[in-house]
1. Where in the chain are there chymotrypsin sites (Phe, Trp or Tyr not before Pro) that are in a DSSP coil and have at most 10 other Cβ atoms within 10 angstrom of their Cβ?
2. Using a 1.4 Å probe, what is the accessible area per residue for the range 10-107, in Å²?
3. In the range 1-91, what percentage of the DSSP-assigned beta bridges are antiparallel, given to the nearest 5?
4. Please list, in chain and number order, the residues 5+ apart from G49 or on another chain whose amide H is under 5 Å from its amide H, with Hs placed from the backbone.
5. Which percent of the accessible heavy-atom area of the chain goes to carbon and sulfur, probe 1.4 angstrom?
6. Which entry in [x] 57, 35, 18; [y] 35, 32, 24; [z] 49, 38, 26 matches Cα extents along the principal axes in Å derived from the coordinates of this structure?
Amino acid sequence: MYRKSTKEALDLKIELEKLGVRVLAEVDDGYKHVDLAIPEARINIEVDGARHLVDPYQILSDLKRTHYSDDIGYATIHIPNAFIHSDIGAIASAIAEAAKIRGDQLK
């Protein structure tokens with residue numbers, strides 16, 4: 001099933017690509033769809049709306065989903081939409097640097 005990325009996820013993908021990071025959108029990892037993935041660094045990025053912070057059942061679901069990612073060697077970062085709106089440049093720069101460091105460590 002094809003899923004369309006949110007505007008916030010696409011905006012972050014574009015910013016990361018400007019910094020030279022290879023980013024995949026709407027990746028199916030065999031258990032769930034991941035908003036963004038940086039395969040070389042084994043980093044998943046979930047760009048989340050408020051529901052992910054105010055709905056207890058969504059929180060529990062996210063915990064289970066994140067645990068699955070850990071089991072397959074991917075770390076997951078959750079970024080609220082509000083931060084994408086206010087700090088996208090700084091967030092993209094930090095993720096790009098973290099991806100480089102983690103990618104080098106995984107080699």
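The values are calculated or read from the model by the stated rules, or taken from the named source; none is laboratory data. Keep in mind that this is a model prediction, so the values were computed, not measured. FYI the Cβ positions are ideal-geometry reconstructions off the backbone, even for glycines, and counts take in every protein chain you see. For the accessible areas, the whole protein counts, side chains as well, though only heavy atoms, and no ligand, DNA or RNA atoms are used. Shrake-Rupley method; radii C 1.70, N 1.55, O 1.52, S 1.80 Å.
1. Numbers: sites: Y2, Y31, Y57, Y68, Y74, F83; in loops: Y2, Y31, Y74.
When the chymotrypsin sites (Phe, Trp or Tyr not before Pro) of the chain are filtered for loop state and at most 10 Cβ neighbours within 10 Å, Y2 remain.
2. 58 Å²
3. 55 percent
4. Long-range HN contacts for G49: N81.
5. Ligands and nucleic acids excluded, carbon and sulfur give 59 percent.
6. [y]
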